[in-house]
Every structure is written in structure tokens, then in C-alpha cells.
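*Asks:* Sending over a structure as C-alpha cells; questions will come in a sec.
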Amino acid sequence: MNNVLQRYEEAKVCYSKYNIDLESCLKKLKKIRISINCWQGDDIRGFENNGNNLSGGIDVTGNYPGVPRNPEELRSDLEVALKQIPGNHKINLHAIYAESNGEKIERNKIVPELFDNWINWAKSNNLGLDFNPTLFSHPLADNGTLSSIDNSIRDFWIEHCISCRKIGEYIGKKLNDQCLTNIWIPDGSKDIPADRLGPRKRLKKSLDEIFSINLNPKYIIDSVESKLFGIGLESYTVGSHEFYMNYTNGKSVLYLLDAGHFHPTEYISDKISSMLLFKDKLALHVSRPVRWDSDHVIILNDELNEISKEIVRNNAIDKVLIGLDFFDASINRVAALVIGTRNMLKSLLLALLMPNDYLVELEEKKDFTSRLAIMEELKTFPFGDVWNYYCHISNVPLESEWLNIIKKYEEDVFLKRK
């Protein structure tokens, strides 16, 4: 470890060239909580045990061994992942992760107590929880949910979302925290629709009814999530970017940007500053689309770095709620969680290590040459030494160490699951 400390001290000298205080940067990073998606851990299976396959424009590819078979195994896997990730974070749940002890409970009838095991587990592990209604992979989701022309189907999903908001508030109260409760629906059309307005009118009416129930904002934050298209919804999505951006105007409901829910050449990093001008807070689902909304595990690429830069340079660390949303069953599921979450934190650290004020000063002087030169120079600064030091003081393994731990867990646990 002496080598880690020595290299960190050398990095301090390097970054001091631009008056960057590493200790201050690491303190800021430590306060950032990432909402880690539990559904990467089990391929979005949940615990309903109703035999339904994934539907609603969602698919998980791969058949890596070791998928958890019950809540205890999923939580065990999450604990292993969390021990490799610096900081204190949150776990993001879907309604299908309710624990009913084998009793069949319809989604519009779920109650807060079905998540007590998750809450008690979160308390014991110093974690927060976020929550999502599950409006997919269900027989009543095949032909529209909150925008359905069938009143009984629409009412079913309205009841489900209201129940989920109450669960979100319950979670927040139990943990003395705020629980982000996010609504996403898979409604749309495979081919060109004859009526785009009607479903959106019905969606607006449904949302108005869902949010008419007043809950304590001390414990729950509401958000809605847009999408460009999905599998089987290639021509029209009811809950589009424009719909939700306008719907949330003037409301306490947050807008959630998902990195995979836009055109392949459209980036959410460019949207963050615009959204923050009109909303006090913004929610994110960070993913990695490859050609379409394929939800690959996030890597330390340009767009991830730009997302983090926009959060940091706009002093929005306390304004942007960062969640992850990817699912890959072709690789070790626990490793995927570790890789994705550590990369999110790495990108935030890289953004914190930028001399943002100085770069803005150069930009205002129209010294674009210096701006570009410095941005490029910083790419080869010893960022990795700062990251390793942060892992060291956070008591989590360094890059060369955590993978061995996961591989051992795979050998001891994953490969013994049938």
C-alpha cells in the first residue's frame, strides 16, 4: 500500500498545476450516492413466479450461470458487489421484487409490508432504496397500460402506480430517507398509428389521477421516464421525451433522462444543463446503448464522462439523482454491477479533477486553443492513482484485486446454483 500512497502524493503535485485540491475532490465524491439497479442481478426476473416472460420492449440476452433463485441469494450477490464499490449508495427495486411467501398477489394490490425484508436489509447495510412500479411483463401490459383504451386495464395500472407511490413513501419513512419512485410504461405501436393524440390524452389523465394522491415529499420523490422506442414499439411511443418534459413543467414530479432512450446520435449529457434551468432536480438512468436501447454495462467512455462533467461543472451534484439501468446476462452478473458502478464513480472523479472554472475562463476569452490543449493534457494525468487511493481509503479492493474476489465467489456460489 505504500506504493499507492506514494503515487497519490505524486498525483497531488501533478494536479496542483491547475490548483486542483485532491482531498476536496474525494470528499465530494464520497457524498455522491448511486442508485444501483437490482435487476442486473437476476435478469429482471423478480419474484412473482407467474411464468411470464419479459415483455414490453425489454430483453435480456445471455445465460451466464449463477442467476439467483430467491431474494436471499439476490441480496447476497448484491452484498458481494457492494463490498467492491467505494461509498455508500442505494439499491433500486422494481415492484416485482415484492416478497409474498408464495402467495399470489396482483400488482394493483401490493402493499408496503411486502418490502420489509428489503428495508431491514438496507438498514443493516447502511443503504438507501429507490422504487419503480413494474408496468411490463404482465398479461395486462400487452396492449397498453396507463394509456390503454380499456378503462379496466387503465384503472388496474393506475391502482398499481398509486400503491407503488405509497410503498415508496413507506420505504422513505422506514429508512428516514427520500425514495425516488419512477414511472416508466411500455405503451406504443409497432407500426404507424392512426391516433397519436388519444393515447397521450389518456396517459395524461392517468398520471393526473396517480399524482393526485398527496404524499410526504420528505420521504418520496416522484419521477417519470421517457423513451424513444422499444422492441415492438418501433413507430410510436406514448410516453415520449416531449410528453414528459411538458408534463413535468410546473409540477413537483421530476423528469428522468435515460441514456438509452433517445436517438443513437442524441446524448443526454447535452440535455442536463437545459433541464436544470427549469427544474430544481433531475433524475438519470445511466446506461450504454449500442445501436439501440440495448442497456449494456456502462464503460468509461466519452458520453459517460460528459454526463459526469455536466453534473459537476454545473454544481449539480445535489440536484441530479444518478441511477443505473443496464442488464447483461452474458457475463458474471455481480461483476457487471461492480464494473458499471465503479465506472460511474470513476467518471465523476474525472469530472471533479477538471479545472472547470479555468476552462470556462479560457472559453470566455475565446482562447479555444488553450481550452482544447488542456482538456487533452488532462486525459493523461495520473487519474488512476487518485482512484486507487480513493479505493484504499474506502476499504475496497483495487482494480487488480476485486475481480479475483468475484471469481472466487463464482466458483464457491454461482456454479453450485442449479
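The values are calculated or read from the model by the stated rules, or taken from the named source; none is laboratory data. Since we're looking at a predicted model, the values are computed, not measured. Here the Cβ is made from the backbone with ideal geometry for all residues, glycine too, and neighbour counts use every protein chain on show.
*Asks:* Looking at Pro86, Pro65, can you tell me which residue is buried (at least 18 other Cβ atoms within 10 Å of the Cβ) and either in a loop (DSSP other than H, G, I, E, B) or hydroxyl-bearing (Ser, Thr, Tyr) (or both)?
*Replies:* Working: Pro65 fails: buried (at least 18 other Cβ atoms within 10 Å of the Cβ).
Unique residue meeting the criteria: Pro86.
*Asks:* List every residue pair whose Cβ atoms lie under 7 Å apart, where the two residues are 6 or more positions apart in sequence or sit on different chains, the first residue falls within the range 96-119 and is surrounded by fewer than 18 Cβ atoms within 10 Å (Cβ to Cβ), and the second residue, located anywhere, is among the polar types (S, T, N, Q).
*Replies:* Pairs that qualify, where the first residue is surrounded by fewer than 18 Cβ atoms within 10 Å (Cβ to Cβ) and the partner is among the polar types (S, T, N, Q), are Glu99/Asn117; Asn108/Ser163.
*Asks:* May I pose another question? Quickly run through the range 120-129 and pick out the residues that are in contact (Cβ under 8 Å) with a residue 12 or more places away in the chain and either under 14 Å from Cys164 (Cβ atoms) or in a helix (DSSP H, G or I) (or both). I'd like the intermediate steps shown before the answer.
*Replies:* Taking the range 120-129 first, the residues in contact (Cβ under 8 Å) with a residue 12 or more places away in the chain are 121-123, 125-129.
Answer for the range 120-129, where residues must be in contact (Cβ under 8 Å) with a residue 12 or more places away in the chain and either under 14 Å from Cys164 (Cβ atoms) or in a helix (DSSP H, G or I) (or both): Trp121, Ala122, Lys123, Leu129.
*Asks:* Residues that are closer than 30 Å to Asn88 by Cβ, under 29 Å from the mean Cα position of the chain (by Cα) and not aliphatic (A, V, I, L, M), at least 2 per element: which helices (runs of 4 or more DSSP H) completely within the range 340-418 meet that? First the steps, then the outcome.
*Replies:* Working: elements: 356-364, 368-378, 383-393, 399-412.
Filter on the range 340-418 gives 356-364, 383-393, 399-412.
*Asks:* Of all residues being over 21 Å from the mean Cα position of the chain (by Cα), without any contact (Cβ under 8 Å) to a residue 60 or more places away in the chain and buried (at least 16 other Cβ atoms within 10 Å of the Cβ) in the range 212-236, which is farthest from Thr181 (Cα to Cα)? Just the residue, please.
*Replies:* The qualifying residue farthest from Thr181 (Cα to Cα) is Glu234.
*Asks:* Name the one entry in Ser16, Ser35, Ser76 that is surrounded by 15 or more Cβ atoms within 10 Å (Cβ to Cβ), on the phi < 0 side of the Ramachandran plot, in a helix (DSSP H, G or I) and at pLDDT 95 or above. Steps first, answer last, please.
*Replies:* Details: Ser16 fails: surrounded by 15 or more Cβ atoms within 10 Å (Cβ to Cβ); Ser35 fails: in a helix (DSSP H, G or I).
That would be Ser76, the only listed residue that is surrounded by 15 or more Cβ atoms within 10 Å (Cβ to Cβ), on the phi < 0 side of the Ramachandran plot, in a helix (DSSP H, G or I) and at pLDDT 95 or above.
*Asks:* Taking only the range 275-286 into account, find how many residues are buried (at least 20 other Cβ atoms within 10 Å of the Cβ) and either farther than 22 Å from Thr341 by Cα or out of contact with any helix residue (DSSP H, G or I) (no Cβ under 8 Å at 6 or more places or on another chain) (or both).
*Replies:* First pass over the range 275-286, keeping only residues buried (at least 20 other Cβ atoms within 10 Å of the Cβ): 275, 282-286.
Imposing the further condition that a residue be either farther than 22 Å from Thr341 by Cα or out of contact with any helix residue (DSSP H, G or I) (no Cβ under 8 Å at 6 or more places or on another chain) (or both) reduces the set to 275, 283, 285.
So the count comes out to 3.
*Asks:* Of the numbered conditions (1) closer than 26 Å to Phe327 by Cα; (2) among the aromatic types (Phe, Trp, Tyr); (3) not in a loop (DSSP other than H, G, I, E, B), Tyr170 fails exactly one; give the number of that condition.
*Replies:* Evaluating Tyr170 over (1) closer than 26 Å to Phe327 by Cα; (2) among the aromatic types (Phe, Trp, Tyr); (3) not in a loop (DSSP other than H, G, I, E, B) leaves (1) as the failure.
*Asks:* Read through the list (1) modelled with pLDDT of 95 or more; (2) on the phi < 0 side of the Ramachandran plot; (3) of a type outside the set (Asp, Glu), then give the number of the only condition that Pro264 fails.
*Replies:* So Pro264 meets the others, but not (1).
*Asks:* Same structure again: Could we say that Leu348 is under 28 Å from Asp222 (Cβ atoms) and out of contact with any Cys (no Cβ under 6 Å at 6 or more places or on another chain) here?
*Replies:* Values: under 28 Å from Asp222 (Cβ atoms): yes; out of contact with any Cys (no Cβ under 6 Å at 6 or more places or on another chain): yes.
In short, yes.
*Asks:* I've got another one for you. Please find, within the range 131-162, the residue that is surrounded by the most Cβ atoms within 10 Å (Cβ to Cβ) out of those that are aliphatic (A, V, I, L, M) and in contact (Cβ under 8 Å) with a residue 60 or more places away in the chain.
*Replies:* The first filter runs over the range 131-162 and keeps only residues aliphatic (A, V, I, L, M), leaving 135, 140-141, 146, 149, 153, 158, 162.
Next, only the ones that are in contact (Cβ under 8 Å) with a residue 60 or more places away in the chain stay: 135, 141, 146.
On the way: Leu135: 24, Ala141: 22, Leu146: 27.
This residue is Leu146.
*Asks:* Considering only the range 180-211, state which residues are touching a residue at least 12 places away in the same chain (Cβ under 8 Å), surrounded by fewer than 19 Cβ atoms within 10 Å (Cβ to Cβ) and within 28 Å of Gly128 (Cα to Cα).
*Replies:* Glu209
*Asks:* Just to be sure before I move on: is Ile393 over 26 Å from Leu22 (Cα atoms), in contact (Cβ under 8 Å) with a residue 12 or more places away in the chain and surrounded by fewer than 18 Cβ atoms within 10 Å (Cβ to Cβ) in the structure I sent? First the steps, then the outcome.
*Replies:* Details: over 26 Å from Leu22 (Cα atoms): no; in contact (Cβ under 8 Å) with a residue 12 or more places away in the chain: yes; surrounded by fewer than 18 Cβ atoms within 10 Å (Cβ to Cβ): yes.
No.
Here's the yes/no breakdown for (1) of a type in the set (Gly, Ala, Ser); (2) touching a strand residue (DSSP E or B) at 6+ places or on another chain (Cβ under 9 Å); (3) modelled with pLDDT of 95 or more:
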residue: Glu159; (1), (2), (3): no, no, yes
residue: Cys164; (1), (2), (3): no, yes, yes
residue: Ile171; (1), (2), (3): no, yes, yes
residue: Leu175; (1), (2), (3): no, yes, yes
residue: Cys179; (1), (2), (3): no, yes, yes
residue: Lys190; (1), (2), (3): no, yes, no
residue: Arg202; (1), (2), (3): no, yes, yes
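*Asks:* Mind checking which residues of the range 246-274 are touching a residue at least 24 places away in the same chain (Cβ under 8 Å), surrounded by 15 or more Cβ atoms within 10 Å (Cβ to Cβ) and in a helix (DSSP H, G or I)?
*Replies:* Those that are touching a residue at least 24 places away in the same chain (Cβ under 8 Å), surrounded by 15 or more Cβ atoms within 10 Å (Cβ to Cβ) and in a helix (DSSP H, G or I): Tyr247, Ser269, Ile272.
*Asks:* Further question on the same structure: Among the residues of the range 380-390, is any closer than 26 Å to Glu306 by Cα, buried (at least 18 other Cβ atoms within 10 Å of the Cβ) and of a type in the set (Val, Ile, Thr)?
*Replies:* Yes; the residues of the range 380-390 include at least one that is closer than 26 Å to Glu306 by Cα, buried (at least 18 other Cβ atoms within 10 Å of the Cβ) and of a type in the set (Val, Ile, Thr).
*Asks:* Right, something else. Can you pull out every residue in the range 299-315 that is surrounded by fewer than 19 Cβ atoms within 10 Å (Cβ to Cβ), touching a residue at least 40 places away in the same chain (Cβ under 8 Å) and in a helix (DSSP H, G or I)?
*Replies:* Residues of the range 299-315 that are surrounded by fewer than 19 Cβ atoms within 10 Å (Cβ to Cβ), as a first pass: 299-303, 306, 313-315.
If we keep only those that are touching a residue at least 40 places away in the same chain (Cβ under 8 Å) too, we end up with 299-300, 303, 313-314.
Correct list: Glu303, Arg313.
*Asks:* Which of (1) assigned to a loop (DSSP other than H, G, I, E, B); (2) surrounded by fewer than 19 Cβ atoms within 10 Å (Cβ to Cβ); (3) touching an Asp or Glu at 6+ places or on another chain (Cβ under 8 Å) is the odd one out, the single condition Asp328 does not satisfy?
*Replies:* Asp328 satisfies all of (1) assigned to a loop (DSSP other than H, G, I, E, B); (2) surrounded by fewer than 19 Cβ atoms within 10 Å (Cβ to Cβ); (3) touching an Asp or Glu at 6+ places or on another chain (Cβ under 8 Å) except (2).
*Asks:* Go through the range 287-298 and give me each residue that's in contact with an Asp or Glu (Cβ under 7 Å, 6 or more places away or on another chain) and either surrounded by 22 or more Cβ atoms within 10 Å (Cβ to Cβ) or touching a residue at least 40 places away in the same chain (Cβ under 8 Å) (or both).
*Replies:* Kept after step one, since they are in contact with an Asp or Glu (Cβ under 7 Å, 6 or more places away or on another chain), are these residues of the range 287-298: 287, 295-297.
Those that are in contact with an Asp or Glu (Cβ under 7 Å, 6 or more places away or on another chain) and either surrounded by 22 or more Cβ atoms within 10 Å (Cβ to Cβ) or touching a residue at least 40 places away in the same chain (Cβ under 8 Å) (or both): Ser287, Asp295, Val297.
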